[in-house]
Amino acid sequence: ILIEALDTTVLFGASFVESIKGGFHVVQVDGVGGLSLPYPTSARFQYSVRSIPDRLRESDQTAESFSYPDLIRKRALQLPDMSPRVGALAREVAGSGRTPYDMVRAVEQHLRQNYQYSLDVGTTVSESPVEDFLFTRKTGYCEHYATAMVLMLRTVGIPARLVTGFLPGLWNDFGNYYSVRQQDAHAWVEVYFPGSGWVTFDPTPNVPAAAPAFFWRVSKVVDSIRLKWDRYVVQYSFRDQMTAAKSLREGGEKVRAEVSGLL
């Protein structure tokens with residue numbers, strides 16, 4: 001991971017991080033596995049992360065009930081003061097599920113299919129944003145969807161937690177890497193299953209990209225050239241610079257072929 005200097009100490013990696021390697025003297029780990037440095041960096045830096053993706057075991061998918069550890073119950077079943085309508089809606093939506101997994105999927109699909117995604121939710125501050133989202137506006141962005149799903153699951157006794165981070169971003173086939181930007185910030189849900197641990201679910205509907213395909217192709221080329229310039233010209237040796245020049249030439253030929261195909 002090559003990361004720009006940010007006003008945060010957080011270290012990013014795909015869930016769930018097993019190990020991390022870089023030029024760090026200290027890496028901090030919080031109670032839920034989040035990684036961070038003791039201080040924000042003032043310059044771009046690079047590190048490597050090994051991650052093991054979450055996998056739902058078949059036994060967790062088919063079990064009709066679970067017994068959760070006390071620590072999970074204490075941390076992931078807490079509920080704020082809210083209207084009984086939230087619990088009533090959760091029971092109505094999840095009631096058709098035979099297993100906890102079925103109930104989770106039912107809530108996820110209910111939010112995906114019955115609410116509209118929008119970043120324009122006005123500036124009015126609501127006393128209960130989740131209730132406002134569920135019963136009044138029925139429009140919101142990822143944090144509304146994810147928070148609503150967490151609360152609905154907790155009301156029916158299923159441990160869940162809100163997670164914020166970034167989507168994978170845009171795959172750059174010119175440089176063979178993912179480019180993750182601020183616009184890829186996202187919120188989703190993790191649900192606890194005793195045999196599988198925390199498993200990811202996302203109730204937010206897919207939002208199609210607004211920019212045309214040609215724009216994305218050009219932006220990929222520009223971003224790849226910028227990254228190669230920094231890696232091979234600013235930081236590396238003459239031999240590496242020659243390798244970069246060759247790669248850029250091959251990339252340019254690929255771009256010309258792509259553009260010709262679009263015209």
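The values are calculated or read from the model by the stated rules, or taken from the named source; none is laboratory data. Every value quoted in this text rests on a predicted model; they were computed, and no experiment measured them. All Cβ positions, glycine included, derive from the backbone under ideal geometry; neighbour counts span all protein chains shown. Please note that ligands, DNA and RNA were not included when accessible areas were found on the heavy atoms of the full protein model with its side chains. Shrake-Rupley method; radii C 1.70, N 1.55, O 1.52, S 1.80 Å.
Against the numbered list (1) surrounded by 15 or more Cβ atoms within 10 Å (Cβ to Cβ); (2) over 30 Å from Ile3 (Cβ atoms); (3) modelled with pLDDT under 95; (4) of a type outside the set (A, V, I, L, M, F, W, C), Pro100 comes up short only at (3). For Thr155, the requirement of being farther than 25 Å from Gly13 by Cα and touching a Gly at 6+ places or on another chain (Cβ under 8 Å) is met.
When region 171-189 is limited to residues that are assigned to a strand (DSSP E or B), open to solvent by 30 Å² or more (accessible area, probe 1.4 Å) and closer than 16 Å to Ile3 by Cβ, the one that is modelled with the lowest pLDDT turns out to be Tyr177.
In region 106-117, the qualifying residues are those that are out of contact with any Lys or Arg (no Cβ under 9 Å at 6 or more places or on another chain) and over 14 Å from Pro159 (Cα atoms), and the one that is most open to solvent (accessible area, probe 1.4 Å) is Gln113.
Do we have any residue at all in region 87-97 that's in contact with a strand residue (DSSP E or B) (Cβ under 6 Å, 6 or more places away or on another chain), of a type outside the set (S, T, N, Q), surrounded by 13 or more Cβ atoms within 10 Å (Cβ to Cβ) and modelled with pLDDT of 95 or more? Full working, then the answer.
As a first pass, look at region 87-97 and keep what is in contact with a strand residue (DSSP E or B) (Cβ under 6 Å, 6 or more places away or on another chain): none.
The answer is no; no qualifying residue exists.
Within region 69-96, residues that are under 14 Å from Leu151 (Cα atoms) have Cβ atoms under 6 Å from residues that are among the polar types (S, T, N, Q) and surrounded by 10 or more Cβ atoms within 10 Å (Cβ to Cβ) in these pairs: Gly87/Thr155; Ala90/Thr155, counting only partners at least 6 apart in sequence or on another chain.
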